[in-house]
Amino acid sequence: MKTRVFYATDVHGSELVFRKFLNSGKIYKADVMVLGGDLTGKMIVPIVEHSDHVFSANWPSERTVKPEELEEFEKEVRNHGFYTYRTTVEEADRLTSDRAKMDELFKTLIAQTLSKWCELAETHLRGQNKKCFMQLGNDDMLGLDSILEGRENIVSTEGKVIQIDDEHEMISTGYANITPWSCPRDIPETELSERIEAMAKQVANMKNCIFNFHCPPYDSGLDEAPDLDQDLKMKASGSGVSTKPVGSVAVRNAIEKHQPLLALVGHVHEGKGQARIGRTLCINPGSEYTEGILRGVVIDLDEKGIKSYTPTSG
Amino acid sequence: MCIVAEKLWVRKSSGLVRSVSPLDAFAMGVNYSGVGLIAMFMGWSYAWYPHGNPYVAYIFGGIWCMIAMMCYSLLAIALPRSGGDYIFVSRILHPSLGFAFNLLVVWATVMWASWNGYYMATVGIPTMIGAMGYALKNQGMLALLSYFTGPYAQWYAMAVGTAVILSFMLLVSIQIKYFGRYQSLLVMIIIIGSLLAPLVLFATPREIFVSNFNSAVGANAYQSIIDAAKGSGADLTPGYAPYATFALLPVVQTGLGWTWSSTFVAGELKDVKKSNLLAVPIGIVVMIILVVMWYAGLEYSAGREFITAANYLANYNPSALSLQVPPYVYFFASVASMNWPLLVVIPLIILINLAFPLTNMTAGPMNTLIGVRSMFAWSFDRLFPSYVSKVSDRWHSPYVSAGIHCFIAWLFLWVYTFTPYFVTLSLTGGLIAGMIVVSISCIALPFLKKEIYQASALSKWHIGKVPVVSVVGVIGFIWVMITEVMLAIDPSYGASNAISLGSLVLTPLGGFIAYWIIRHIRKQQGIDLDLVYAQVPPV
């Protein structure tokens, strides 16, 4: 028995990278595709219509957009991981001054896009006999989980123990330890530990289990992120940007305690690499979604364990 | 939950950070250049090309070099999380080329580590002691110099060189923030000492310098050196010549062309990466100003004829040079200040003369770090075994890759110390050759990797219809080819030594062949290296 897994993470709303992910099963000949969290974007680019039917937008800098250029422009914005919203000058001003309304708009656009992505996945994966697992990450708003549920060809993995093939189970969570930004799914380490343990105790064969945890283990080398001051400015030294480990102690403790076969993590885009914690191979493929690059890792599993792994950058 | 930033609506989410400030970028840019080593290259320029105009070479060549080094800045804007030239080239051109030329770069960093160790022992420390001995007229210090040239000199060089290489291994093994603080402190001292040197020279008119020099070295020593150089065949006639000025360009590249290392700055939401664009040119401009000040200060105080004579003898007839230290700017600045009050002279001379040895101790670890990071990248891409990227649990140090790098550097230290087979500038040839493929990657990016190009800020910059990144790539390519060819064929530069030249060619060729062999071996192991950079079209 051999199973090929393709794992990627942190697409952050980039439609280009998500579409690549959907094609990854075919390109990499993967049986199982896993998308590890942080699916949604961080920014809305308002496209403001003026009285003369010309549109303006401020991305990547101030510009006008002709009506015939709108579709192409919106596609470019989406490919970078952002959302677009066509609006008027008056509505833009109203939204700018009303945070609650802005929140609602974000929720709406994020939910619409995520639904669209799921429909795209269902269509594209139909007939391919591949399993596709997705979860939301700490950066993704609450209230979106139901969008991933009940989908053809997609399995939502948060909090579940899932059999990915005859030999291997997978437990997953997109929650993370507290970050400086207090993201929607940042939770205290104790809570994260409880989440993980609740799944771990249901695993039948931990020796062959895969931990699909969005947050990397603390101080593993996969969680080195820029060190920030109180103003969220990167601390730089003569040798460049200072970094520090920002991963989760709960995740690390869980790996050390349970010693699964494999831990697939993300969250820290610059933290690509592999590390061993005891017998567990931990891999963070990193993320370059802003550059339109799908970073991932192809892992071949067999009855003995991990036959091979290859990082990818497509 | 939401913040509004200038007509863009941003929700509170991870990764929203502020980029480094221009001041930090400046520090990084200067930090990565080997300031103290430029003093040595100055000596070469006087010896090898006495009619070269260093002001024209450094200003004209420096601007050209700055544009060429912007290749790295621009690629880092397009691929900010890539982490270096190995991935730039692998992704844009082909992984076999990325590995081949990165292998050459790593080989050069290994050699530079051993060179740093050797030169610390044979030049850095003796120069500091000798300069102080002459300036303070301390015979005891001057007597110490005989130990550096006596019958055990080579073993002494091995001992000091080994200690230096081991220190590099230790430095790359500590956490980056401590490493950064160490670098910043040393670079501050280097910059201060390097600034003091020309200021002291500008404050010392010729007659005082001559008097001081004769007092320190011996009666009529100043004129004797000029006479000895003439007698040895030196051309001390005034005036500049075009080819000689042109021939200084590799010296300019060797002195200025390393600020590219500062371009790896991470970022999230991005516009134009101002810090990337600033770090390289700021570093080079600072260096150009410093070097021009050195040349001008030396020629004002000591005189061009004398400086040329001293360096000519040091290179071609050392026994005729009545000096026990190399004729570098730091030594001459020390002599210029020797009549100042003792309370000023002693710290001044210490600061000025620390610049050279400390440069070894900043540039050396940085080179080692580049080599170690490259090996990490190869290991992650499955070109090297995974144990190469092992990090110790306790110290978080990349002990395997650092150990490999430093062990090979130590082996080359033996070669450097006991044989004449590797000449210094072949090392820069190695590093410069790596820049050739980076410049080609720049040219090719908009055409071979349209997707990456279109996704980046670079796609907005054109000259007419021509992408700016390609224009910069062409300028960079011409620059590095000129310097690389001159290193290879001009007899004054070391690479024309057959073994050195051979290693410049055989290393990337060997790396290219090795890639395909490794690919085959990995395939037998079930690892398909073709997947690493395989294109994935979107559905």
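Side notes on the structure shown:
- Boolean, A:LEU142 is touching a residue at least 12 places away in the same chain (Cβ under 8 Å), of a type outside the set (Val, Ile, Thr), within 27 Å of A:CYS215 (Cβ to Cβ) and not in a helix (DSSP H, G or I): yes
- Within region B:361-393, being within 9 Å of chain A (Cβ to nearest Cβ), among the hydrophobic types (A, V, I, L, M, F, W, C) and within 22 Å of A:ILE277 (Cα to Cα) holds for B:PHE376, B:PHE380, B:VAL391.
- If the condition is being polar (S, T, N, Q) and out of contact with any Leu (no Cβ under 6 Å at 6 or more places or on another chain), then region B:482-528 contributes B:SER492, B:SER496, B:ASN497, B:SER500, B:SER503, B:GLN524, B:GLN525.
Here is a yes/no grid of residues against (1) crowded, with 24+ Cβ neighbours inside 10 Å; (2) among the hydroxyl-bearing types (Ser, Thr, Tyr); (3) assigned to a helix (DSSP H, G or I); (4) modelled with pLDDT of 85 or more:
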residue	(1), (2), (3), (4)
B:GLN253	yes, no, yes, yes
B:TRP260	yes, no, yes, no
B:VAL272	no, no, no, no
B:ASN276	yes, no, yes, no
B:ALA279	yes, no, yes, no
B:ILE284	yes, no, yes, no
B:ILE289	no, no, yes, yes
B:VAL292	no, no, yes, yes
B:GLY297	no, no, yes, yes
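- Matching residues in region B:46-81 - criterion: being more than 14 Å from chain A (Cβ to nearest Cβ) and of a type in the set (A, V, I, L, M): B:ALA47, B:VAL56, B:ALA57, B:ILE59, B:ILE63, B:MET66, B:ILE67, B:ALA68, B:MET69, B:MET70
- Residues of region A:87-101 that turn out to be surrounded by 13 or more Cβ atoms within 10 Å (Cβ to Cβ), without any contact (Cβ under 8 Å) to a residue 12 or more places away in the chain and at the interface with chain B (Cβ under 9 Å from one of its Cβ atoms), as a count: 2
- From A:VAL268, A:VAL203, residue being assigned to a loop (DSSP other than H, G, I, E, B) and crowded, with 21+ Cβ neighbours inside 10 Å: A:VAL268
- Unmet requirement for A:PHE133, which otherwise passes all of (1) within 14 Å of chain B (Cβ to nearest Cβ); (2) in contact (Cβ under 8 Å) with a residue 12 or more places away in the chain; (3) in contact with a strand residue (DSSP E or B) (Cβ under 9 Å, 6 or more places away or on another chain): (1)
- Scan region B:498-530 for residues that are assigned to a loop (DSSP other than H, G, I, E, B) and in contact (Cβ under 8 Å) with a residue 24 or more places away in the chain and the total you get is 1.
- Considering residues of region B:482-497 that are among the small types (Gly, Ala, Ser) and assigned to a helix (DSSP H, G or I) only, the residue farthest from the chain's Cα centre (by Cα): B:SER496
- When the residues of region A:287-314 are filtered to those that are without any contact (Cβ under 8 Å) to a residue 40 or more places away in the chain and either within 7 Å of another protein chain (Cβ to nearest Cβ) or more than 17 Å from B:ILE527 (Cα to Cα) (or both), the one that is nearest to the chain's Cα centre (by Cα) is A:GLU288.
- Residue tally, condition over 16 Å from B:ASN102 (Cβ atoms) and within 13 Å of another protein chain (Cβ to nearest Cβ), over region B:505-539: 16
- In the set A:ALA250, A:ALA275, A:ALA263, only one residue is among the small types (Gly, Ala, Ser), assigned to a strand (DSSP E or B) and in contact with a helix residue (DSSP H, G or I) (Cβ under 6 Å, 6 or more places away or on another chain); that residue is A:ALA263.
- Count - residues of region A:3-61 that are more than 8 Å from every other protein chain (Cβ to nearest Cβ), among the polar types (S, T, N, Q) and surrounded by 22 or more Cβ atoms within 10 Å (Cβ to Cβ): 3
- Against the test of being modelled with pLDDT under 90, under 16 Å from the mean Cα position of the chain (by Cα) and of a type in the set (S, T, N, Q), the options B:THR127, B:THR109 yield a single qualifying residue, B:THR109.
- For region A:180-236, filtered to residues that are among the small types (Gly, Ala, Ser), within 14 Å of chain B (Cβ to nearest Cβ) and more than 24 Å from A:ARG276 (Cβ to Cβ), the residue that is nearest to the chain's Cα centre (by Cα) is A:SER182.
The values are calculated or read from the model by the stated rules, or taken from the named source; none is laboratory data. Predicted, not measured: the structure shown is a model, and the values here were computed from it. Note: ideal-geometry Cβ built from the backbone for every residue, glycine included; neighbour counts use all protein chains shown.
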